[in-house]
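The values are calculated or read from the model by the stated rules, or taken from the named source; none is laboratory data. These numbers come from a predicted model, not from an experiment. Note: ideal-geometry Cβ built from the backbone for every residue, glycine included; neighbour counts use all protein chains shown. SASA here: full protein model, heavy atoms, side chains in, ligands and nucleic acids out. Shrake-Rupley method; radii C 1.70, N 1.55, O 1.52, S 1.80 Å.
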Amino acid sequence: MINLNFNELNEKQKRDLKIGGSLVIILLIIAMAVTVIKHQGTKVGDSDDIIAEISSLTPEEVAEMRKEEQLDDVLSEYSEFGIISTSGYINFRSKPDEIDMTNIIGKLTDGAGVDVIEDDGNWSLIKSGGIRGYCKSQYIVRGDDARKKAEESLAERVCISTDVLNIRTAPEIDPSNVIGKARSGERYVFMGQDGDWAKIQAQTEDGTPAEGYVNIADGNAEIVVCLDAARRLDLRNMAVTQYDELVLATTDGYVNIRKEPKDDGINNVIGKFAEGNGGELLDTVTGEDGNTWYKIKSGHVTGYVRADYCSTGKAAKNAALNFAKLTAYVNVDSLNVRSEPSLDAKAWTNITKNQAYDVINQLDGWVQIELDAGDGEDGADKAYISTRDNNVEVRYGLGEAIEYYPAVEAANAAAAFRNKVVNFACKYVGNRYVWGGTSLTNGTDCSGFTLRVMEQFGIGLPRTSREQAKVGAKVTSANMKPGDLVFYANSRGTINHVAIYIGNGQVISAASRKSGIRISRWNYRTPVAIRNVIGS
């Protein structure tokens, strides 16, 4: 005979004993209720009320017991259960090395369930979502606290079982309503069902939280009560699979995207499509000039590009793998940039939404990004942004088209002159960055670029961005005009970068070795000065 002192049992043992004793009675009650439900055609949603009525338990008590039973079923799938606790997400790595960003194989969000295989106090070898790898031990909760957090995180989720599934804004198949991709093994919170469509909590392709629909017919997915799990990052391949029909720019430099399928000078140009940029193929047409044109959607630009400057199909997919790069997409209007990966470090500038930033390195909770190369001996500061609260989406991707409208002829002589300056500068988009260089064709740095552009129009400038900021008249952002110079500073407040404002909220600059001469939003980082060097 076994003697048990109930008071000496721990909380889990007491809970298990209570549930175990109650289940014998409750199972008989449920069996009776199920019989009633089957014979009377009662809806499943009413079953808790019937069970409560037969058992004299309240509906809340029955629901709580159901939840405990569901939780036990879910946790029984884990050998050594742990759950992730973080404000945003952490990296899932193939090796226990935080410095090497090439070992990132996935990401773990708050509430994701994991199986802990080994733990040395610093790193844990875990398995989650079918992926085996490492994460920092400090983010894993275990024991009774893990069960409590799991209870809060437990939800009906749509578990994807096909390779790739489109996430759409509406429960219908339409090329224009795709906002993202769901991949095999991923789990999304279930929000409702419309026929063969499940409504889920998702994200757009740039990482912005959104509600969407996936088609769950034909075994594409199943709806189950479970915890979240690791999301696999198939790195470069993800850059290709986000497109149904990929169009890849293959020309050197940039090709113009046009509003209509015709080569009409600068009159109908609405964007620039750089070598290695990707877009979704929407249509193929023959233009008035007899050329074949692709209608594409790339980033925020939808328009036409000449087919002979692009590739599609298998050739595009194979080539795209060489152009894919790790990119940070900002989800909030403004985000602090710090010189160290710590909230205690001073924020020395801000970056903005709808601008992609190249990733230099990833740490748990932080991403180091490239802003520009900087000018002068000090060079560029390190730039870290926090990934907490899902402020940033980091993923491999292809570059996207830049919205760009060339300056058109103006009747006003001063405006016409400024437009000529801007259009001349934009001819060199895509050319090389070379620190210390002043050649628009063979390579230049930021101040060398502005010096040579203005020199073409009879305007002399000093050599460095710091000295150029002393020339001309001060201008505010509210009244700046195409051709004005926009200056940016490092963490010490010293001006170290200059760009030319080209209108439509954009600037052009020789940014870095990786980016070359590029067009960006004028506030891609916080400007510190704007100068009119052209005059009135």
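Here are some notes:
- Across K382/K514; K272/K325; K127/K382; K181/K427; K149/K199, pairs whose alpha-carbon gap is larger than 27 Å: K127/K382; K181/K427
- Within the range 207-310, the GluC sites (Glu not before Pro) that combine a DSSP coil assignment with at most 11 other C-beta atoms in a 10 angstrom radius are E288.
- When the chain is described by a simple charge dipole with +1 on each Lys and Arg Cβ and -1 on each Asp and Glu Cβ, the residue from C446, Y405, S339 located farthest towards its positive end is C446.
- Of the accessible area of the chain, computed with a 1.4 Å probe over protein heavy atoms only, carbon and sulfur atoms account for 46 percent.
- Along the axis of the charge dipole computed for the range 129-187 (Cβ charges of +1 for Lys and Arg, -1 for Asp and Glu, origin at the Cα centre), the listed residues P171, V141, G129 are led at the positive end by V141.
- Anisotropy class assigned to the range 65-201 is oblate, per the alpha carbon gyration tensor with a/c at or over the 1.5 cut-off and a/b no larger than b/c.
- For the range 374-514, Kirkwood radius (reciprocal of mean inverse C-alpha pair distance, Å): 16.5
- Working from Cα pairs under 8 Å separated by at least six residues, relative contact order for the range 389-491 is 17 percent.
- Selection of trypsin sites (Lys or Arg not before Pro), the range 429-536, meeting DSSP coil and at most 15 other Cβ within 10 Å: R463, K470, R492, R513, K514
- GluC sites (Glu not before Pro) restricted to the range 377-477 and DSSP loop, no more than 15 other C-beta within 10 Å: E377, E409
- q = 0.12, 0.18 Å⁻¹, the range 208-351: log10 I(q)/I(0) [Debye, one scatterer per Cα]: -0.72, -1.09
- Estimated 222 nm signal from helices in the chain, with DSSP H stretches of n ≥ 4 weighted -39500 (n - 2.57), rounded to 500: -6500 deg cm²/dmol
- The value of relative contact order for the range 448-536, using C-alpha pairs under 8 Å at least six residues apart, is 33 percent.
- Kirkwood hydrodynamic radius computed over the range 319-391 comes to 13.0 Å, based on all pairs of distinct alpha carbons.
- Each listed q (0.17, 0.26, 0.31, 0.32 Å⁻¹) maps to a log10 I(q)/I(0) for the range 159-202 from the Debye sum over equal C-alpha point scatterers, namely -0.44, -1.05, -1.32, -1.34.
- Potential lengthening between N442 and I266 on full extension [0.36 nm per residue; Cα-Cα distance subtracted]: 60.9 nm
- Solvent-accessible surface of the chain, taken per residue with a 1.4 Å probe and all protein chains present: 48 Å².
- Within the chain, the selection of entire DSSP H helices by a Cα span of 27 Å or greater along the long axis and an average Kyte-Doolittle value of at least 0.0 returns 11-40.
- Compactness of the chain was expressed as the Cα radius of gyration divided by 2.2 N^0.38 Å, which yields 1.20.
- Relative contact order (%) - criterion: Cα under 8 Å, at least six apart; region: the chain: 10
- Per-pair calculated FRET efficiency, R0 = 30 Å: Y405 and Y309 via Cβ, rounded to 0.05: 0.95
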